[in-house]
Every structure is written in structure tokens, then in C-alpha cells.
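Report on the following structure.
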Amino acid sequence: MERSPYSRGFSHHNRPIFFENREQLVVGGEDGSISVIDPCGTKDAQDTTVLHYQTKRPVLQMRAGEFLPFMGVQLAVLSPNRLSYYRIVYDEKDETSFNFEEIYGHEIEETAYNMCTLPFQNIHILVQTVLCNLYLYQGDQCIFSKSPLPFLLPGPICYSLPSSSLLLGNDGRISSLKFSLLTSVSNSSKKVTFDWEFSLGDYALDIEVEDRPPIQPSLVVLCRRGVNCFTTGGMIRWQIRLESVATAMCLYRLPGIETAYISSIIATADENMLVFRDERLVWNCNAHMAPVALLVSTYSSLYENVLTLMSSNGKVIIGYPGTEPNLYKLPPENRIINYKEKAEQLKSLESKIKETQGKGEIEPRLEFGIKLTCSELQKASMEHNTKGPVCILTVQFNGVAEAQKIHINVRSSLSTPSRQIVLHKPREGSQLKIPFFVGKEPPTSSTVNIAAHCYPSQASSYRSIEMPMELLFHECSLDRNSKYKFTLDTDCAVVPINSLFPAFQTDNPLTIGLQVHSSDATVSIFAANKSNRYRVQSDRLGLLQVATAALIQRLRETVPNINIGGKQPIEYISLLLDNILEHKKLLDAEKERMESRMREVRCIEALLLNKSKNTKLENLDHIDALFSKSHQQLLAAMDAYTTSQNKYKTEIEALGSLFQLTADVMRCQKAVAYIDGNFYVNTTQSLKERLQWASRMHRSGESSMVEALCQHARKDLPQITEEEEPSNEPVAENAE
């Protein structure tokens, strides 16, 4: 449930004082509940709620004031389709018992969005609907209603008393409208003329007016990424750019202190509160939550000028953000320092530290890290969309004593329920279990990469692990007519394949056929005793690297000193590069066609909106027919673009798999690998720009650049032996 206090405003009329001449805090919720909190009214500091009332209608906004005459302080509550007035009534038998009573209500024909109060002699309430209609209420009367303003999206509204104008933050703009002009064109279809407008370039979240002397009357607008301050005439006074998304704003002034600057508090989504004097930051503190509402108020002599915060889950905190640091100030007591006594204290502390270190009482602080372990294969349950087995990867966290939360990112071609996980309040040795299985598409790698980032220590850890082959494949018949083939050369006798892959029950020592779970994709491995070669072949390029990497790893584990070599798959890479470039052009054309259809649909929608603003109904059948046809063409263009995008993504993944295969072969030959499976991952560069950056070749084709990256020499040259120079001295013969 999202709750927000709306007891701040323009004057004392918006401060809720229902009893005992003391301010109270009123909180409304989307479930229709209204709670009155009196921090000083109860002896129990943990339970300060003195009244809880259920309106049975969602609460959008509230204001306190004397809206109906001779009835004391009332609470105006705005719901989606009703504006209600409530007052406090006491029980005749028990004066300590009280409750809310609805005394009047206005039904609103449209869905309301927000409201603001107008501080006239009799307080008025101006309500804005989601269609940007305006309704003005005075007590139990509706004074006027205005036809839709020229906006599509509603925003915050506010009344400026110095300029007698209404301020609107709709459509990412701030607009000023003279209230006298608004009343003159009310209940009519006449167009309004704004006094001034300014494009914010961002969505406005809140508008407040600061007009208490000696401050120049100013308008402060809170946006998602900044704060703008204007004069009442529309001139910019100052601007603030925020590094995080703003959530709430509060302008305040301490009683008895008159300053010429605007004091404000800004809450951000990264749980920070920023205190500004005009555009200058004077304080920054962590709120341990993301506040959605702020308020500076005085509830009693004990709670003076306290800060009230509320989070999105309804948690309310009342307190102080901290004391002002005494920087560059002398201590109150200027005592003479006894340096001899301080030196003796320092020596005693150093001796205690040495004794403690010698006894080993201070434990070394563990660094943040993760450990990955795989469990045995399990059968898939209903929550896993696969027919094959499931492998549970256990991630164990160490060194998280002071961590508040850990962000975990998963990168793998295998399927998993979530690739971005947040672990809140972890403990030392906490474990996270992540299931992996084969999804709809065959995997292009058996490697799982886990990256963990700890907050607030900003420590990171990265680990990789190879998943078992039986998670990806099951045994099948051989396919000798596959399209793609790759051969490995060795300098040792052929190792039986059934001993290299003991998890698969095969008796043939020279061949094995593997099929991906839940797919018809297969890969076959052959061994030749005469040439000491192994051949991997498949109809899927991605499966070549998976089988070859597993074969190389098992050969190295079985024969430690084996030398492995092979021909780099340049031919397959060149062919795939041509297909990728062709599909990239097709994808760009599909994107341009889709954007053209989107612009056409937007133009038709704008035309319909303009037609709907007229009071006279017109025949719009021809526009509806045009809109239906354009919408169908847009859906067809979006489907074509999605199909091309998925095909392009599949080819990019296959290219990454071939790059990883090339890197594996180059490392076997003890050469430096400048490309691998991560070469074209997490980058905004195009493929050609990426290859040009790596190869330093700017006038060659993509295939030539890949060949240049694959033709680097070895790190060492073991085949070149140093020969001794012939000596001119005669060689002595044996006397025997």
C-alpha cells in the first residue's frame, strides 16, 4: 500500500490542528484508510496513532482547513470520483473517544488526478482530472468547470498568490495561467492564453511557491532529474541537476530565522536526502529508505522543526537528520595539553595493540567473494519449462558482514528463471540456489558467469563455472552428414571416447552422438586411431564450440602433456559475417518501416483528439477506418521487426561461439587470443567498429580484420633450437 502525507501547503490553513492546539500528521492510503498521528498525544512512543478511519474509497490527496463556515477545521479528501469533507466528532458519553464524520461531498464526473487550495477569504479547492479538466469548489458549491486544457498528460498544479496565477506542470512543461482569465472563460469552449510557458525537458513531480519575505517570490519545480527555480514572471533563477531520480521535495524555513535564500530538502531513489540553500548543497545524509513524502513540522516543544519521512510501503519516521558538524570551530574549553601524559597514554595503547596482535585476538576481515558449486542433476518440475534435467547452482557469499544487499547478475546461454537477483540483508555464508536448464534454443556455451556486487561497500566478485555435459545433451545416433565440421590434431594416441565421456553410456570407443534436450539439434564426435585426430561435426555452429571445449578439457585432464592443435574456423566466420551484415541491413530497414508506421498512427491519434475536443459531434468513420488499417500495418511491421531481430541475435550468438572456438584453438597452440566469446558482448559499438578497434585496420573488410586478429605468433618459440657455430680448430681423434 502506498501512502503519502499531504498536510503541507501554502498557509496555516493546511496545517491539521484537530485538537489540543497541536499539529497532527494525517496519512491516507490507497485502501481508503485515513490515520491521524499525534507524536506527543500518547505516552507510548511506539503507537502514536490516535485515530484510524476507513473511507471505502482510495485517497489521492488531502488538505486541512476551514472549507465550510462555522464547522471548525475540516479535512478535504480527494478520491477518484468524489471530493469529501470530514470533521472530528466526539462521543457524547466519552469525551476521549472521537472519530471522523463526513459532512459533505462533491461527485466528480471524471476521474480526478490531484488538487490544490486557493487561499482566498474563503478557501477554494481546484481539482484537476486525468483529462486535464479543472473544477473549482467553494464549500458546498461548484463554482465552475473548464473544458480540457491543451495538454495530454496531467501534472502537479499550484496557485501563486503574488502573481494571482495558476501554475501547471503538465506535458513536461511549466505553464502560468492568470486565474482571472481562467474564470472568465470557464464553462465555455474558448481557448485559454497562458501568461508564460517553459519546457522542462523532464516530467514535473511537484511544484511549490516560496513567497515569504525577504525571499523574492519564486516558483520551485521538482523534476525526475533536477530542480528548477523561476520567478513568478517565468525567468530562471537557478537550476540543480541530480545524479539520481528524485522522489519528493520539501521547502522549509525555521521560525525566527529570516534569510534571503530558499531552503529545500530533496529525497532521491537511492535513499539519500539532499539539503540545499538555493542551488548550493549544504548537507547530504542517508535515509535508509526511499522517501515518497517529506515534511518539516513542529508537533510540540519537544518535537520542534522535526523531519517527517514516509516510504512507499507506509513506514513513517519522525526525527532529525543529524547535528550540524562543528567544522573550523574552537572547542568551548581551551585547556592546556599535557604532552607528557599524552605520550604515556600513547605508549600504553601501542603496547596493548602489540599484545593483542601477538595473541591473535583480532581476526582478519574477510574479503567479499562468492563460491560456485553444482548439484546433481534433478528432474524438471512444473516451474521449469523444459523436458530435460535441471542443475541447481549454489552461490555462497563470504565477507558480507556489513552488506545491506547484494546484486547478482547471471550471464549464460542456458535458461534460468531470473538473470538479475537482489539479495537483501545477507548473512555470512548465505547461499543462493539458481536452477539452470536447456530452454527453447540450443545453448552456445556450457559456461555460467556470475557477477555479484555488494552494497554499500561497492565490492564486486566474478566467477565462472562449467556446467556438466549431461545437463545439455543425451546420447543419440550418429549424424555423419552434418554441415559444419571441426578437426583437432594431437601428438598422442587416441583416448577412447567412452572413457572421456563416462556420463554417457556408450560402448563405442571411437564415436559418440549427442542430442540437445528438448531439441532436434545434434553433435557427433569421431576419433581416428591412425592420424590421432578427433572430429566434431554438427548442423549448429554453436554446438561445435560446446563439444570441442569439453573434448579439449577432458583430453588435458586425461593426458597432462598432450599437444593439441587445429585449423581456425575462418571459413565459417567469414560466411557468418556476410549473413550478419546482410541481416543487419534488413533489420535497419524493418526498424525504419516500423517507426514510419508509428509516426502515422500518432498523427491519426492527434487528429482524433483534436476532433474530440469540439462540442459538435462529427462523423469520424473515415478516420476510424484509416486508424484501423494503420494499426494493422504497424502490428505487421512490429512482427517482422521482432522476427528479424531474433534471427540477428541468434547469428550474433553463433559468431560469439565461433570466436570462443578460435580462442580455444589459439590457446592450445600457446598463442595470444585477442578475440573470444565475450568480444562482442555488452558494447554499443557496431561489429565493424569493434573489429576496427581491435585490429587497428580501418580500410579492410570484416573477414580480413578477423584473419589479422587470428594470425599472431606464439608467446614462445620452442621449435627453434640454437645451433653451435663450427670451430676452426682441428678435432682431436681418439688415440685408441
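The values are calculated or read from the model by the stated rules, or taken from the named source; none is laboratory data. Worth saying up front: this structure is predicted, and the values here are computed from it rather than measured. We place every Cβ from the backbone using ideal geometry, glycine too, and count neighbours over all the protein chains shown. Accessible surface areas use protein heavy atoms only, side chains included; no ligands, DNA or RNA. Shrake-Rupley method; radii C 1.70, N 1.55, O 1.52, S 1.80 Å.
Might you let me know whether the stretch 637-649 holds any residue that is open to solvent by less than 60 Å² (accessible area, probe 1.4 Å), within 30 Å of Lys567 (Cβ to Cβ) and modelled with pLDDT of 85 or more? The answer is yes; a qualifying residue exists. When Glu725 is tested against the conditions (1) at pLDDT 85 or above; (2) of a type in the set (D, E, K, R); (3) over 35 Å from the mean Cα position of the chain (by Cα), the lone failure is (1). Restricting to the stretch 164-204, name every residue that is in contact with a Leu (Cβ under 9 Å, 6 or more places away or on another chain) and hydroxyl-bearing (Ser, Thr, Tyr). Across the stretch 164-204, the qualifying residues are Ser165, Ser175, Ser176, Thr183, Ser186, Thr193, Tyr203.
Yes/no per residue for (1) part of a strand (DSSP E or B); (2) among the basic types (Lys, Arg); (3) exposed (fewer than 15 other Cβ atoms within 10 Å of the Cβ):
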site	(1), (2), (3)
Pro255	no, no, yes
Ser264	yes, no, no
Phe276	yes, no, no
Met289	no, no, no
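Among the residues of the stretch 691-714, the ones that are open to solvent by less than 50 Å² (accessible area, probe 1.4 Å), part of a helix (DSSP H, G or I), without any contact (Cβ under 8 Å) to a residue 24 or more places away in the chain and not hydroxyl-bearing (Ser, Thr, Tyr) come to 5 in all.
Conditions (1) closer than 30 Å to Leu691 by Cα; (2) touching a helix residue (DSSP H, G or I) at 6+ places or on another chain (Cβ under 7 Å), marked per residue:
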residue: Leu575; (1), (2): yes, no
residue: His583; (1), (2): yes, yes
residue: Glu595; (1), (2): yes, no
residue: Arg599; (1), (2): no, no
residue: Cys603; (1), (2): no, no
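The rows are residues; the columns are (1) open to solvent by 60 Å² or more (accessible area, probe 1.4 Å); (2) touching a residue at least 40 places away in the same chain (Cβ under 8 Å); (3) touching a strand residue (DSSP E or B) at 6+ places or on another chain (Cβ under 9 Å).
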| residue | (1), (2), (3) |
| --- | --- |
| Asn449 | no, no, yes |
| Cys454 | no, yes, yes |
| Arg463 | yes, yes, yes |
| Phe473 | no, yes, yes |
| Leu488 | no, yes, yes |
| Cys492 | no, yes, no |
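Of all the listed residues (Val495, Val536, Val523), the sole one being among the β-branched types (Val, Ile, Thr), part of a loop (DSSP other than H, G, I, E, B) and in contact with a helix residue (DSSP H, G or I) (Cβ under 7 Å, 6 or more places away or on another chain) is Val495.
Table: residues versus (1) among the hydroxyl-bearing types (Ser, Thr, Tyr); (2) closer than 27 Å to Pro496 by Cβ.
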{"site": "Lys530", "(1), (2)": "no, yes"}
{"site": "Gly542", "(1), (2)": "no, yes"}
{"site": "Glu557", "(1), (2)": "no, yes"}
{"site": "Ser574", "(1), (2)": "yes, no"}
{"site": "Glu582", "(1), (2)": "no, no"}
{"site": "Leu608", "(1), (2)": "no, no"}
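None of Lys629, Lys616 is surrounded by fewer than 18 Cβ atoms within 10 Å (Cβ to Cβ), modelled with pLDDT of 85 or more and basic (Lys, Arg) except Lys629. Of the residues making up the stretch 1-51, those that are open to solvent by less than 10 Å² (accessible area, probe 1.4 Å), out of contact with any Leu (no Cβ under 8 Å at 6 or more places or on another chain), modelled with pLDDT of 65 or more and not in a strand (DSSP E or B) are Gln24, Gly32. The single condition among (1) modelled with pLDDT of 90 or more; (2) surrounded by 15 or more Cβ atoms within 10 Å (Cβ to Cβ) that Val296 does not satisfy is (1). Taken together, Gln515, Gln505 contain a single residue that is open to solvent by 10 Å² or more (accessible area, probe 1.4 Å), part of a loop (DSSP other than H, G, I, E, B) and not acidic (Asp, Glu), which is Gln505. Filtered by the rule that a residue be surrounded by fewer than 19 Cβ atoms within 10 Å (Cβ to Cβ) and touching a Ser or Thr at 6+ places or on another chain (Cβ under 6 Å), the stretch 411-439 gives Gln431, Lys433, Gly439. For the stretch 52-80, a tally of residues being not hydrophobic (A, V, I, L, M, F, W, C) and not in a loop (DSSP other than H, G, I, E, B) returns 8. What about Asp171, is it touching a residue at least 40 places away in the same chain (Cβ under 8 Å), of a type in the set (D, E, K, R) and open to solvent by less than 80 Å² (accessible area, probe 1.4 Å)? Considered against the rule, which asks whether it is touching a residue at least 40 places away in the same chain (Cβ under 8 Å), of a type in the set (D, E, K, R) and open to solvent by less than 80 Å² (accessible area, probe 1.4 Å), Asp171 comes out as no. Filtering the stretch 675-690 to residues that are crowded, with 16+ Cβ neighbours inside 10 Å, outside any helix (DSSP H, G or I) and of a type outside the set (Gly, Ala, Ser) leaves Ile675, Asp676, Phe679, Tyr680. Scanning the stretch 518-534 for residues that are surrounded by 15 or more Cβ atoms within 10 Å (Cβ to Cβ) and charged (D, E, K, R) returns a single hit, Arg533. Residue-level analysis places Glu107 among those that are exposed (fewer than 12 other Cβ atoms within 10 Å of the Cβ), free of Cβ contacts under 8 Å to residues at least 60 places away in the same chain, over 35 Å from the mean Cα position of the chain (by Cα) and over 14 Å from Val26 (Cβ atoms).
Asn272 fulfils the conditions (1) closer than 27 Å to Ser164 by Cβ; (2) within 22 Å of the chain's Cα centre (by Cα) except for a single criterion, (1). Residues being farther than 23 Å from Ala521 by Cβ and modelled with pLDDT of 90 or more are represented in the stretch 439-451 by at least one member. Just one of the listed residues (Ala260, Ala246, Ala269) is under 29 Å from Val316 (Cβ atoms), among the small types (Gly, Ala, Ser) and open to solvent by 20 Å² or more (accessible area, probe 1.4 Å), namely Ala269. Residues that are assigned to a strand (DSSP E or B) and either charged (D, E, K, R) or closer than 19 Å to Ser412 by Cα (or both) within the stretch 379-397 comprise Val390, Cys391, Ile392, Leu393, Thr394, Val395, Gln396, listed in sequence order. Looking only at the stretch 52-72, residues that are in contact with a helix residue (DSSP H, G or I) (Cβ under 7 Å, 6 or more places away or on another chain) and open to solvent by 40 Å² or more (accessible area, probe 1.4 Å) come to 1 in all.
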